[in-house]
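Trainee: Take this structure, written in structure tokens, and hold onto it; I'll ask about it next.
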Amino acid sequence: MKYLMILMLAALLAGCVQPPTHNTQVVDDRPGLAFELLSSSAKVYELKVDGVSYGRVDQYLAGKNLLRIIDGSHQIELFDRQGKVVYSQRVYLGSGSNRILKIGNYE
């Protein structure tokens, strides 16, 4: 009987607990970099930011996908299939800003 009373008291107290009333959201305010390709042959260019390869440039098309990087000044380079630099530009990206670079055929 004593255990039954303890169990009932525990169930009564558990029923009075309210669930959390708010959610926490994390905002990603890192700057974004995207590309607008003016030539279909530009899709195969390899993208390097500050010497780090991020794959083909067609992964980061304007309106579809942004490359999120830390804010600051960055060296953007594109390489053709032979590994030759075809585009190089230094850009500054501030927190929360997005930049779209227009890329043509440089071969």
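Trainee: Just the residues that are within 20 Å of residue 27 (Cα to Cα), basic (Lys, Arg) and part of a strand (DSSP E or B), please, taken from region 63-99. First the steps, then the outcome.
Mentor: Step one: filter region 63-99 for residues within 20 Å of residue 27 (Cα to Cα), giving 63-72, 93-99.
Okay, now just the ones that are also basic (Lys, Arg), so 64, 68, 99.
The answer is 68, 99.
To keep it simple, each residue is scored yes or no on (1) of a type in the set (Val, Ile, Thr); (2) modelled with pLDDT under 85.
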| site | (1), (2) |
| --- | --- |
| 10 | no, yes |
| 15 | no, yes |
| 27 | yes, yes |
| 35 | no, no |
| 45 | no, no |
| 48 | no, no |
| 54 | no, no |
| 58 | no, no |
| 63 | no, no |
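Trainee: Is there any pair with a first residue in region 35-62 that is touching a residue at least 24 places away in the same chain (Cβ under 8 Å) and assigned to a strand (DSSP E or B) and a second that is surrounded by 14 or more Cβ atoms within 10 Å (Cβ to Cβ) and of a type in the set (Ser, Thr, Tyr) whose Cβ atoms are under 6 Å apart and which are 6 or more apart or on different chains, and what are they?
Mentor: As it stands, the answer is 35/60; 47/54, since those pairs meet every condition given.
The values are calculated or read from the model by the stated rules, or taken from the named source; none is laboratory data. The shown structure was predicted, so the numbers you read here are calculated from the model rather than taken from an experiment. Positions of Cβ are backbone-derived with ideal geometry, glycine not excepted, and every protein chain shown enters the neighbour counts.
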